[in-house]
1. As a test, work out the antiparallel percent of DSSP beta bridges whose residues both lie in chain B, rounded to the nearest 5.
2. Once you sort the root eigenvalues of the Cα gyration tensor of the protein assembly as shown as a ≥ b ≥ c, which label holds: rounded (a/c under 1.5), prolate (a/b larger than b/c) or oblate (the other case)?
3. Given axes a ≥ b ≥ c from the Cα gyration tensor, I'd like to know whether chain B is rounded (a/c under 1.5), prolate (a/b larger than b/c) or oblate.
4. Please state the shape class of chain A: rounded when a/c is under 1.5, otherwise prolate if a/b exceeds b/c and oblate if not, all from the C-alpha gyration tensor.
5. FRET efficiency for B:Asp59 and B:Ser80, Cβ-Cβ distance as r, R0 = 25 Å, nearest 0.05?
6. With a point put 7 Å past each Cα toward its Cβ, work out how far A:Asn18 is from B:Val52 in nm, to one decimal.
7. Between A:His76 and A:Thr40, what's the calculated FRET efficiency when r is the beta-carbon distance and R0 is 22 Å? Round to 0.05.
8. Please give the charge dipole size of the protein assembly as shown, origin at the Cα centre, charges +1 on K and R Cβ atoms and -1 on D and E Cβ atoms. Round to the nearest 20 debye.
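We did not get these values from a lab; they are worked out from the coordinates using the rules stated. The shown structure was predicted, so the numbers you read here are calculated from the model rather than taken from an experiment. Positions of Cβ are generated from backbone atoms using ideal geometry, with glycine treated the same way; all protein chains shown enter the neighbour counts.
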Amino acid sequence: KNQVEQSPQSLIILEGKNCTLQCNYTVSPFSNLRWYKQDTGRGPVSLTIMTFSENTKSNGRYTATLDADTKQSSLHITASQLSDSASYICVVSANNDMRFGAGTRLTVKP
Amino acid sequence: DVKVTQSSRYLVKRTGEKVFLECVQDMDHENMFWYRQDPGLGLRLIYFSYDVKMKEKGDIPEGYSVSREKKERFSLILESASTNQTSMYLCASSFLFRGQPQHFGDGTRLSIL
């Protein structure tokens, strides 16, 4: 069983709408959590990184939250744009080990 | 900006061939990584290197080897390619292993026929 579970697997929204992607993890002991954006045919690009003491981190229209007690994170995208269409990957680090979620495929339609 | 360059975007090879995937980073990073990415499975670590000539096995090293003769270059070798190694291969680098975002290349889509 993957130690990092993302939901939904895929999501379609209309341009301008908001959306929230979820990441639940069992990785322990927790070190940090990162969200990456991966455009089709490109490598992942880091959006945010949060440590145990941080419960929210923003990067423009992207806001990540972390609840280390429930081991859940979310990525909220505000006022979506067509360029937000991509896969979003949650990565949880524990000591020298990193675990990747399978990603959520987001499609933004005009 | 950090640049991680993978030598090929697409590669087609035959079963049994020895295949080399090359990766170069330009930021003097200590750590370099090779992953494979398959639908529904996420990225899985094949090998990583924390210094020149140093390497560590990741989660799925079987059928692969690596070489790091220079700090900026990390090569992935498929000793005898098989069809189940058809995948997207991603190289990454980072200054510190922990607490730092990894910088990824754009990937090599490898098909083994």
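1. Details: 36 of 40 bridges.
That works out to approximately 90 percent antiparallel.
2. On the way: a/c = 1.87, a/b = 1.47, b/c = 1.27.
Taking the square roots of the gyration eigenvalues as a ≥ b ≥ c, the protein assembly as shown is prolate.
3. Numbers: a/c = 1.67, a/b = 1.59, b/c = 1.05.
Prolate.
4. In terms of gyration-tensor shape, prolate.
5. Working: r = 20 Å, r/R0 = 0.82.
Result of the calculation: an efficiency of 0.75.
6. Calculated label separation equals 5.2 nm.
7. Details: r = 22 Å, r/R0 = 1.01.
My answer for the efficiency is 0.50.
8. On the way: 27 positive and 23 negative charges, 77 e Å.
Charge dipole, the protein assembly as shown, about its Cα centre: 380 debye, nearest 20.
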